[in-house]
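The structure appears below as structure tokens.
The values are calculated or read from the model by the stated rules, or taken from the named source; none is laboratory data. On a predicted model such as this, the values are computed, not experimentally measured, just so you know. No Cβ is skipped: glycine too gets one built from the backbone with ideal geometry, and neighbour counts run over all protein chains shown.
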Amino acid sequence: MTTNICTKCNEEFRIPFGEYPYHTCPKCRAQSRNYYKASRSITSRKDPYEELAHAIVLQAVKDWRTAYRAAKRSYGMYSQGSWNRVYNCESFFRSEWFRVLTNDNIDGKLLIKRLRKEEDERWNRSHKQT
């Protein structure tokens, strides 16, 4: 059974799965197509601003990892650009904007510490002397 929403009277009603896509609302007798698609998208969708904030933070973590790995691999003047990207990401993690995006749920300094620890462990495993 799926819970559906009538587009005319906004009442919820239930229908069995796999039923023909035309449904009649028991209250107003309005007939419409694919209530279940509308109800699934309405009820399962998160706040788009939260999704955007999550995506921004996730991309910053990915950028930090990419820059940190490149900085660890490169030497001399070539590593300077990578380290600058690492420091830019870390300054974002310490910023007020980061705290706004995460609703103060994530400590930026602790995130940096954990990311460095994970990447250093990964580096040590991959460059272990045999």
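Here are a few things to note about the model shown:
- Summed over region 67-92, the residues that are touching a residue at least 12 places away in the same chain (Cβ under 8 Å) and closer than 17 Å to ASP120 by Cβ give a count of 11.
- Counting only helices (runs of 4 or more DSSP H) that sit completely within region 54-130, those holding 1 or more residues that are modelled with pLDDT under 90 and surrounded by fewer than 15 Cβ atoms within 10 Å (Cβ to Cβ) correspond to 78-93, 108-126.
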